Amino acid sequence: MQRKINKIAPKVRRWVYGFGGGAADGDASMRDLLGGKGANLAEMSALGLPVPPGFTVSTEVCAHCDANGGAYPDGLEEEVAAALARVESLAGARFGDPENPLPVSVRSGARASMPGMMDTVLNLGLNDATAAGLAARTGDARFAWDSYRRFVQMYAEVVLGADRYRFEDLLALAREEKGAALDTELDADDLRRLVAAFKAAAREEVGRDFPDDPGEQLWGAIGAVLRSWRGERAVTYRRLHDIPDAWGTAVNIQAMVFGNMGADCATGVAFTRDPSTGENRFYGEFLANAQGEDVVSGVRTPPPLAAAAAGPDGVSMEAAMPDAFRQLVETGRRLEAHYRDMQDIEFTVQRGRLYMLQTRAGKRAPAAAIRIAVEMAEAGTIGREEALLRVDPGALDGLLHPVIDPAAERRPIATGLPASPGAVGGAAVFSAGEAERRAAAGEAVILVRRETSPEDIHGMYAARGVLTARGGMTSHAAVVARGMGRPCVCGAGRIRVDAEARRFEAGGVTVEEGDWITIDGAAGQVMPGRVATLEPELSGEFATLMAWADGARRMGVRANAETAQDARKAREFGAEGIGLCRTEHMFFEAERIAAAREMILADGEERRRAALAKILPMQRADFAELFRAMDGRPVTIRLLDPPLHEFLPQDDGELAEMARAMGFSAEAAARRARELREANPMLGHRGCRLAISHPEIAETQARAIFEAAAAVAAEGGPAPVPEVMVPLAATGAEVEILKALVDRTAAAVAAETGAPIDYLVGAMIELPRAALRAGEIAGPAAFFSFGTNDLTQTAFGVSRDDAGAFLRVYRERGILEKDPFVTLDADGVGELVTAGVERGRAARPDLKIGICGEHGGDPASIEFCERAGLDYVSCSPYRVPIARLAAAQAAIRARG
Ligand code: PEP
Ligand code: MG
């Protein structure tokens with residue numbers, strides 16, 4: 001597309017930027033200053049697309065107001081007046097003029113898209129006189145009063161803070177009195193009466209008259225949009241999406257074009273590709289004779305744009321207004337080519353003429369993100385590296401969700417729109433609060449709402465899936481659920497939700513709160529009860545993208561796994577080895593824990609050896625399974641690291657049973673348990689301390705490892721590569737002692753089997769002293785693995801088990817930006833990691849270094865690991881694809 005940017009009036013310091021009439025003060029690169037919406041309106045204007053004229057009050061004004069107790073900067077009023085005069089001359093109408101009025105829209109627009117989170121006012125500038133003028137000029141009194149009615153309602157809610165339901169109720173009453181099903185059946189007189197009733201209601205609610213002066217209305221709306229940046233909804237959204245508070249919002253003031261002027265008018269939303277699947281087809285929804293808020297609010301379920309997608313009623317934009325439809329498709333193609341990304345477009349058709357109100361990179365479901373990125377790269381529109389950077393690694397989580405088992409019987413009681421893919425079951429709940437409460441108690445829930453509003457966002461986040469009775473693919477519920485990767489079925493018109501009574505009814509079935517339902521967000525179906533689900537196939541574009549990621553990344557990706565099943569899953573997801581096998585987790589099964597307890601409670605080496613004799617064959621079999629599953633790839637096995645309290649008998653019954661099994665008296669067993677009880681188990685007799693004080697435990701484990709490796713090697717496949725890891729070391733001496741023990745055991749097993757096994761001994765670096773003394777530890781250790789869970793715990797002095805109570809407050813107060821147990825604290829803990837890497841490699845240049853704390857699967861932490869020069873990350877099997885992509889992105893960014 002030709003690009004010509006015509007500057008209106010260059011000026012050094014300004015607060016307001018104009019656009020429209022084929023020119024603009026800004027362009028798409030200025031989103032920090034103009035917000036996404038303002039920057040793209042400027043870009044579209046300068047490209048000569050049909051954009052109603054307007055201007056943007058920059059984000060710097062928001063920042064200025066925040067810093068100055070809400071006061072506007074000097075000069076703003078004059079700049080707004082000048083920009084408004086330019087809009088008037090382009091639109092050929094005057095703001096507030098009773099003869100020839102110019103109604104405007106006032107919309108928020110931050111740097112990052114925050115759909116539905118901030119305020120918008122349409123049709124601003126109307127009062128009794130200008131509404132009459134609009135009626136006279138358009139020859140359409142109904143339209144003028146409809147616009148006025150909408151304005152009073154929106155302004156009263158958004159700017160004056162009146163209760164939305166007051167107006168909804170009055171509107172419903174007016175329909176009832178008229179015997180009308182739809183608002184469109186109300187005539188000019190009905191609407192005129194409603195305006196008066198709305199104003200009276202607003203006066204009653206807020207204690208002052210509704211402002212008639214257009215200037216007062218305008219500044220009221222600008223102030224409200226700026227304040228909405230600090231509103232609870234917006235703050236929550238920013239917290240969930242890591243958007244800094246300091247960014248601020250811009251305010252866009254634009255000449256109104258009307259989609260509600262009659263049957264040849266419409267408003268709608270279009271995506272240049274399908275936002276659920278990524279398929280390259282023009283996609284969207286529209287409403288004839290309506291305004292934008294009607295589409296996104298989800299109150300009416302809108303028909304599709306393309307005739308091919310029309311339902312049984314055959315209604316589509318293509319059929320109803322073919323010329324405008326063709327122009328829209330053409331404009332969408334141009335915009336996609338220009339921005340080189342899928343676009344989400346808002347448009348209005350006024351008397352058959354198309355106007356563009358917004359374009360932005362469209363939000364998309366994870367599967368769609370991958371398909372679009374891969375197809376655009378294959379078409380040569382973008383490069384492979386750009387394709388890799390386009391997919392949010394965290395969002396892959398949504399793809400790894402199950403689908404309904406094709407063999408399972410599906411008995412849908414309702415069908416809606418497939419708004420966000422994934423099949424999921426849970427207890428039905430009918431309010432965001434209940435969703436949060438039950439989810440916090442560990443219950444899986446599906447949030448069921450008539451329609452969602454931005455206030456439901458906490459509940460949607462807490463729920464595993466979302467179901468609504470009303471609303472289209474672009475409704476708030478659909479957009480937010482897709483963004484969060486939650487499966488969602490929208491606009492399931494057959495369900496009747498009674499939120500008060502906490503139940504819904506569909507297809508003759510009543511579902512009460514707490515009853516289990518299953519939703520399939522890919523098919524748009526709702527099923528009662530539990531329906532079997534299957535793990536997804538990770539093929540097609542997903543496999544292509546992952547292959548590109550593997551080609552682009554420098555770091556290896558391993559998995560944390562203890563069972564053969566997890567190890568196989570990890571392999572399927574592309575893990576290149578096991579980075580952490582927590583051997584203590586192998587004892588949590590009921591029959592095994594008894595042997596582990598015997599070992600721990602044993603009051604002498606002889607008893608302990610007896611217990612270990614039971615453990616040896618179990619461990620040998622476990623390790624053999626892991627070696628087989630990993631087929632010659634490295635398997636890092638950590639020597640036992642039990643916080644003792646997790647293994648001690650939990651009550652008198654268990655203690656008595658234990659005593660019987662071990663031939664102790666009940667008193668002796670109780671005494672032994674008391675002796676072992678620790679004030680601070682997280683910092684107690686765990687990790688290599690246990691192996692130092694009871695070497696027979698480490699020796700048994702080492703024997704199990706080498707015997708298993710020898711046995712698997714003898715099966716003829718690739719020889720296993722065990723990497724034996726020493727946990728919670730603080731000193732080089734600890735690692736030296738245990739390395740000597742492992743070496744001795746390996747030699748002994750090799751002598752018995754006649755088949756020596758290649759292996760490494762390394763150390764976990766999970767204590768600050770270990771990081772600082774990494775040079776000393778790298779003497780005996782051939783590899784390091786950063787245990788960032790314990791390293792975070794010990795660096796902060798914050799117990800992993802008890803952090804929940806106060807870390808939340810720390811985040812809310814901004815003391816910590818992120819939970820350091822989720823995203824590595826690069827400033828503090830990260831400095832220990834960097835020191836560990838440098839000092840370790842200085843002592844042993846070929847030292848292999850990885851990470852196996854939870855941070856190994858967190859994209860932001862993986863980025864840190866790349867910068868720190870780690871060789872690999874290790875994470876839970878389900879996060880392996882996320883880690884592969886995040887590692888690729890980190891490598892691409894590091895290459896610059
Ligand atoms: C760690 O501390 O980061 C680690 C991986 O070990 P664990 O979580 O088992 O203590
Ligand atoms: Mg640890």
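The values are calculated or read from the model by the stated rules, or taken from the named source; none is laboratory data. The model shown is predicted, which means the values in this text are computed figures rather than measured ones. Because the Cβ atoms are built from the backbone with ideal geometry, glycine has one as well, and the counts that use them run over all protein chains shown. Accessible surface areas use protein heavy atoms only, side chains included; no ligands, DNA or RNA. Shrake-Rupley method; radii C 1.70, N 1.55, O 1.52, S 1.80 Å.
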Based on alpha-carbon atoms only, what is the radius of gyration of region 96-175 relative to the globular estimate 2.2 N^0.38 Å?
1.22
Rg over Rh, two decimals, the chain (C-alpha only, Kirkwood Rh):
1.05
Based on the mean of other Cβ atoms within 10 Å per residue, sort peptides 121-134, 711-724 so the most packed one is first.
121-134, 711-724
Quick one: with all protein chains in place, what share of the accessible area of region 745-896 is carbon or sulfur, to the nearest percent (1.4 Å probe)?
50
What's the extension gain from R674 to A319 if we count 0.36 nm per residue and subtract their Cα-Cα distance?
119.7 nm
Could you work out the relative contact order of region 462-596, using alpha carbon pairs under 8 angstrom and six or more residues apart, expressed as a whole percent?
13
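Quick one: putting +1 on the C-beta of Lys and Arg, -1 on the C-beta of Asp and Glu, what dipole do you get for the chain around its Cα centre, in Debye to the nearest 20?
In debye, rounded to 20, the chain gives about 1360.
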nm² value of the averaged projected area, convex hull over the Cα atoms of region 472-551:
7.3
Taking θ = phi - 60°, what integer Hz values does the Karplus form 6.51 cos²θ - 1.76 cosθ + 1.60 yield along region 360-365, in sequence order, with x for Gly and Pro?
7, 4, x, 5, 8, 5
For S785, which sequence-distant residues (separation of 5 or more, or a different chain) have an amide H within less than 5 Å of its own amide H, given hydrogens modelled in the peptide plane?
A763, M764, I765, G850
Region 822-896-region 411-475 distance, computed between alpha-carbon centres (Å):
36
With the convex hull built on the Cα atoms of region 705-793, state its orientation-averaged projected area in nm².
5.9
per DSSP, antiparallel bridges as share of beta bridges in the chain, % nearest 5, sits at 65
What percentage of the solvent-accessible surface of region 1-158, computed with a 1.4 Å probe over protein heavy atoms, is contributed by carbon and sulfur atoms?
49
Are there trypsin sites (Lys or Arg not before Pro) in region 793-896 that DSSP puts in a loop and that have at most 13 other Cβ atoms within 10 Å, and which ones?
R813
Could you tell me what a quarter of the Cα convex hull surface of region 167-326 works out to, in nm² with one decimal place?
13.2
Short version: ³J(HN,Hα) in whole Hz for each residue of region 690-702, in order, from phi by Karplus 6.51 cos²θ - 1.76 cosθ + 1.60 (θ = phi - 60°), x for Gly and Pro, what are they?
5, 5, 6, 7, 10, x, 4, 5, 5, 5, 4, 5, 4
Rounded to a whole number of µm²/s, how large is the Stokes-Einstein D of region 7-71 at 25 °C and 0.890 mPa s, given Rh as the Kirkwood radius over C-alpha pairs?
206
Please compute the per residue accessible area over the chain with all protein chains in place, 1.4 Å probe, rounded to a whole number of Å².
40
Compute the distance in nm between two label points, each set 7 Å from the Cα along the Cα-to-Cβ direction, one at D550 and one at F806.
4.6
Quick one: Karplus J couplings for region 322-332, per residue in order, coefficients 6.51, -1.76, 1.60, θ = phi - 60°, nearest Hz, x for Gly and Pro?
x, 5, 4, 4, 4, 5, 5, 4, 4, 5, x
Amide hydrogen neighbours beyond the local backbone of I382, cut-off 5 Å, H modeled
A377
Report Rg(Cα)/(2.2 N^0.38 Å) for region 521-608, keeping two decimals.
1.72
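Taking the Kirkwood radius as the inverse of the mean 1/r across Cα pairs, report the Rg/Rh of region 590-639.
On the Cα set of region 590-639, Rg over Rh gives 1.10.
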May I ask you to give the percent of accessible area on region 396-456 that is carbon plus sulfur, with a probe radius of 1.4 Å?
49
Convex hull over the alpha-carbon atoms of region 244-389: what's its volume per residue in Å³?
137
